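All remarks here apply to the structure that follows.
The values are calculated or read from the model by the stated rules, or taken from the named source; none is laboratory data. Everything quoted here is computed from the prediction, not taken from an experiment. Here the Cβ positions follow ideal geometry from the backbone for every residue, glycine too, while neighbour counts run over all protein chains shown. These accessible areas exclude ligands, DNA and RNA; they are computed on the full protein's heavy atoms, side chains included. Shrake-Rupley method; radii C 1.70, N 1.55, O 1.52, S 1.80 Å.
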Amino acid sequence: MKTSIATVSVSGNLAEKLTSIAERGYDAAEIFENDLLSAPQTAAEIGAMMRDLGLACSIFQPFRDFEGLPPDLSGRALERMRRKFDVMEALGTDLILLCSNCSPHASGERERIVEDLARIAALAGTHGKRIGYEALAWAPKVYDHREAWALVRDVDHPALGLVLDSFHSLSRGIPSSSIGDIRADKLFLIQLADAPKLDMDLLNWSRHFRCMPGQGDFPLADYCAAIRKIGYQGFWSLEIFNDRFRAGSAGQVARDGLRGLKVLHDQAGRRSGAPAELPDPVEPGCVEFIEFAASHDEAAEFGRFLTALGFGPVGRHRSKDVVRWQQGNINLVINSEPEGLAHSFDMVHGGSVCAIGLAVDDQQAVLARAGALDIQRFDQPVSPGEWAIPAVRGIGGSLLYLVDAATREAMWREEFPLAGAGPAPRADLTVIDHVAQTMQYEEFLSWLLYYTALFDMAKTPQLEIADPMGIVYSQAVESPGRGVRFTLNGSMAANALSSRFIHHYFGAGVQHIAFACANIFAAATRAREGGLPMLDIGPNYYADIEARFGLAADLVARMAALNILYDRDEGGEYFQFYSRAVAKRVFFEVVERRSYDGYGAANASIRLNAQAQHRDPKGA
Ligand code: MG
Ligand code: MG
């Protein structure tokens, strides 16, 4: 696969964009004219820079509003095009993108359009250049790639070909099977973008919500499989208009793009029976442990919360200041080491999650796929006799350990042989149900892609949650067997509670951990008796759910007494309660699922408001 990305997709000035693109390993870049116009370098200097960076120029773009113009305007447009050929020469590309005409002066008469396209193709041909014609989804006349292809086919000039852009095709729901009619030698470039399913006008949807393959809802694997099937050999180029990407880290956006592109190309190939290009994704079995970095004071606070929830400090590390808390199949590790990664994490973030361990059947397969997707492996010095658990970097410096599912019991025995001091665990909580991570919206899409690209995990539809101060986007990634579930929350509103948690309170990262139980009333009663600081839910909520769901008054009274929240869908019922925050960073949730597969999204704004009430007025 020959990879490319449009300079409009990443942040920075043109030189910075090209450097980021080259560093991540793309083969080519599309030069967006506006980036060139605002650059201090000449086109020749940019062309030389690209050659030095080892980047080809896949296309120069865009050229707008040509075909179907009245004769006087058409003559001027041809002259405008002729001048672009010198720029293209300097950049080192023979290909320019021509968008279908959006001008109100343009005729939609097909014969005129064919004539004009033939004229511009002839002009390009005499200069040794080629024109790629693209149907814009919102153009008044030519808005469908099938029509654009029919025009290119009928003009039948070697200098005129087609550019397919997945946004323009899929936003209009054009069947990908129609790509089978296109001749590969006339398909000059593929532009790829994903997007969330939104009900809005096409232009604004395209300008602001395009995202990397795998981050949205388009059926891109089918689209790409159809393109692969006709034998297309050119560049696969990402063209992503998204304000948030332009505001974010160029390196991360470029990395995400290539990651998404590789996964997509592999999926599309597998659909058509081609050999796999990436190692198979592995399904993680469960969250084997969660590690917190905590000072001794914070560790004592964690201990009070965990004891109240029924955890016991069942083991201490053989050589480090690390305690294993356990209950059912849940392992929480509190790391108070004065040195090492956990310590530096604690210095930056305060008592919070520094690593997550996932149990997998094949560590090497995960590492191989991580390597192919530019996910960095993490190694730290291991003392003699210590278990070396392979780890990879998450987004934003976090760590993901890959625990061998077959030897995990031995790992715990050998690493934590010393008895802990404290009561034995109860049997209220059984497994980690889900881990909730909060982040800025730009990072939200990076995390989403990270989990679904690396593992056999799929994302749920995106939800919008009304926060008292703005909108929070929430989406889950889940393993097929539901052994691992992450809920990701990203906010674009600077004052939304989740954003303020990030800036002032919790820090980006794990915001809460939900434990499953079989009897939430028993678990909540014992947690309260044990002194768990609970998140208090106000009386209006209970009056509302009693009426809304038609619940028995005595059941609602028991829920109210224990601050238990409730939700119901077609599948079943969900009960949940929350602790207050530990070390001002992270809180716990306990859930009981009765054939219910969601996360109580309907209660999220109730929870956010309750937390706003609890916030320390002095701030963090
Ligand atoms: Mg395009
Ligand atoms: Mg939750």
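Scanning the range 78-89 for residues that are within 25 Å of Ile190 (Cβ to Cβ) and open to solvent by 10 Å² or more (accessible area, probe 1.4 Å) returns Lys84, Val87, Glu89. If the condition is being open to solvent by less than 60 Å² (accessible area, probe 1.4 Å) and either within 16 Å of ligand 2 (Cβ to nearest atom) or more than 22 Å from Met81 (Cα to Cα) (or both), then the range 132-164 contributes Ala137, Asp144, His145, Ala150.
The combined condition, being open to solvent by less than 30 Å² (accessible area, probe 1.4 Å), in a helix (DSSP H, G or I), away from ligand 2 (no atom under 16 Å from the Cβ) and free of Cβ contacts under 8 Å to residues at least 60 places away in the same chain, is fulfilled by Ala410. Restricting the range 514-543 to residues that are within 20 Å of Leu608 (Cα to Cα) and without any contact (Cβ under 8 Å) to a residue 24 or more places away in the chain leaves a set whose member that is most open to solvent (accessible area, probe 1.4 Å) is Asn540. Given the structure, is Ala560 surrounded by fewer than 20 Cβ atoms within 10 Å (Cβ to Cβ), without any contact (Cβ under 8 Å) to a residue 24 or more places away in the chain and away from ligand 1 (no atom under 16 Å from the Cβ)? Here the answer is yes, as Ala560 does meet what is asked. Is one or more of the residues making up the range 373-387 crowded, with 18+ Cβ neighbours inside 10 Å and touching a Phe, Trp or Tyr at 6+ places or on another chain (Cβ under 7 Å)? The answer is no, given that none of the residues of the range 373-387 is crowded, with 18+ Cβ neighbours inside 10 Å and touching a Phe, Trp or Tyr at 6+ places or on another chain (Cβ under 7 Å). Scan the range 260-280 and tell me whether some residue there is part of a strand (DSSP E or B) and either within 24 Å of Gly371 (Cβ to Cβ) or in contact (Cβ under 8 Å) with a residue 12 or more places away in the chain (or both). Looking through the range 260-280, none of the residues is part of a strand (DSSP E or B) and either within 24 Å of Gly371 (Cβ to Cβ) or in contact (Cβ under 8 Å) with a residue 12 or more places away in the chain (or both). Given the condition open to solvent by 10 Å² or more (accessible area, probe 1.4 Å), over 22 Å from Ala458 (Cβ atoms), assigned by TED's automatic domain parsing to the domain that holds Leu98 and over 16 Å from the mean Cα position of the chain (by Cα), answer yes or no: does some residue in the range 252-259 qualify? No. When Arg316 is tested against the conditions (1) surrounded by fewer than 21 Cβ atoms within 10 Å (Cβ to Cβ); (2) within 35 Å of the chain's Cα centre (by Cα), the lone failure is (2). Could you list, in sequence order, the residues of the range 418-467 that are over 15 Å from the mean Cα position of the chain (by Cα), of a type in the set (A, V, I, L, M, F, W, C) and not in a strand (DSSP E or B)? Result: Ala419, Ala421, Ala424, Ala427. Hey, could you check the range 569-609 for residues that are small (Gly, Ala, Ser) and away from ligand 2 (no atom under 15 Å from the Cβ) and say which is nearest to Asp536 (Cα to Cα)? The extreme case among them is Ala583. Please indicate, with yes or no, whether at least one residue in the range 287-309 is aliphatic (A, V, I, L, M) and under 18 Å from Ala405 (Cβ atoms). Yes; the residues of the range 287-309 include at least one that is aliphatic (A, V, I, L, M) and under 18 Å from Ala405 (Cβ atoms). Do we find that Thr430 is crowded, with 19+ Cβ neighbours inside 10 Å and among the hydroxyl-bearing types (Ser, Thr, Tyr) in this structure? Considered against the rule, which asks whether it is crowded, with 19+ Cβ neighbours inside 10 Å and among the hydroxyl-bearing types (Ser, Thr, Tyr), Thr430 comes out as no.
Against the condition more than 16 Å from ligand 1 (Cβ to nearest atom), closer than 30 Å to Gly47 by Cβ and of a type in the set (A, V, I, L, M, F, W, C), how does Ala150 come out, does it pass? So Ala150 does not fit the description; no. Taking the criterion of being small (Gly, Ala, Ser) and surrounded by 18 or more Cβ atoms within 10 Å (Cβ to Cβ), the residues of the range 298-311 that qualify are Ala299, Gly303, Ala308, Gly310.
Of all residues being more than 16 Å from ligand 1 (Cβ to nearest atom) and part of a helix (DSSP H, G or I) in the range 169-212, which is nearest to the chain's Cα centre (by Cα)? Just the residue, please. Per the criteria, the residue is Ser176. Inside the range 125-141, can you point out the residues that are under 12 Å from Leu98 (Cα atoms) and touching a helix residue (DSSP H, G or I) at 6+ places or on another chain (Cβ under 8 Å)? Scanning the range 125-141 gives Arg130, Ile131, Tyr133, Glu134, Ala135, Leu136. Of all residues in the range 306-327, those being within 17 Å of Thr430 (Cβ to Cβ) and out of contact with any Lys or Arg (no Cβ under 9 Å at 6 or more places or on another chain) number 3.
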